[in-house]
Amino acid sequence: MARILAIDDEPMVLRVVAETLKTRDYEVVTAHGGKEGIKKFQNDTFDLVLTDVMMPDIDGMEVLNHVVTSSPGTRCIILTGYGSIKGSVEAIKNGAFDYITKPIAPEE
């Protein structure tokens, strides 16, 4: 079973993402914000990190950088409510596996 760390500062988004993934038999750990997410990432191992871009403490691009540099085998998907081609290109260049705009459809 794959382990996923979901990071977002919006509790409702975090809950929906976690519940959707759990129904598909993934083990999901949640973190409310980038700072908490990095702390959980440092203390555990994950196959995938899903992180929001816009968070007040540490943004998703910083989370991505931490994931890529400290655990190159862990994939990272960036989630954003403010998608742009420039943002997606930057995320992919910096090592993101994918870049998904909110709201997220369950099949995504």
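The values are calculated or read from the model by the stated rules, or taken from the named source; none is laboratory data. Computed from a predicted structure; not experimentally measured. We place every Cβ from the backbone using ideal geometry, glycine too, and count neighbours over all the protein chains shown. These accessible areas exclude ligands, DNA and RNA; they are computed on the full protein's heavy atoms, side chains included. Shrake-Rupley method; radii C 1.70, N 1.55, O 1.52, S 1.80 Å.
Here are the numbers:
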quantity	calculated
Filtered residues of region 25-46 (kept if open to solvent by less than 60 Å² (accessible area, probe 1.4 Å) and not in a strand (DSSP E or B))	Gly33, Gly34, Gly37, Ile38, Phe41, Phe46
Subset of region 90-103 [more than 17 Å from Ser70 (Cα to Cα) and open to solvent by less than 70 Å² (accessible area, probe 1.4 Å)]	Asp98, Tyr99, Ile100, Thr101, Lys102
Members of region 60-82 that are assigned to a loop (DSSP other than H, G, I, E, B) and surrounded by 15 or more Cβ atoms within 10 Å (Cβ to Cβ)	Ser71, Thr74
Cβ pairs under 8 Å, 6+ apart, first in region 6-24 and closer than 21 Å to Asp44 by Cα and open to solvent by 100 Å² or more (accessible area, probe 1.4 Å), second among the hydrophobic types (A, V, I, L, M, F, W, C) and in a helix (DSSP H, G or I)	none
In region 32-54, the residues that are polar (S, T, N, Q), farther than 10 Å from Val67 by Cβ and in contact (Cβ under 8 Å) with a residue 12 or more places away in the chain	Gln42, Thr45
So Val49, is it open to solvent by 30 Å² or more (accessible area, probe 1.4 Å) and not in a helix (DSSP H, G or I)	no
For Asp52: the one exception among (1) out of contact with any Asp or Glu (no Cβ under 7 Å at 6 or more places or on another chain); (2) closer than 14 Å to Ile100 by Cβ	(1)
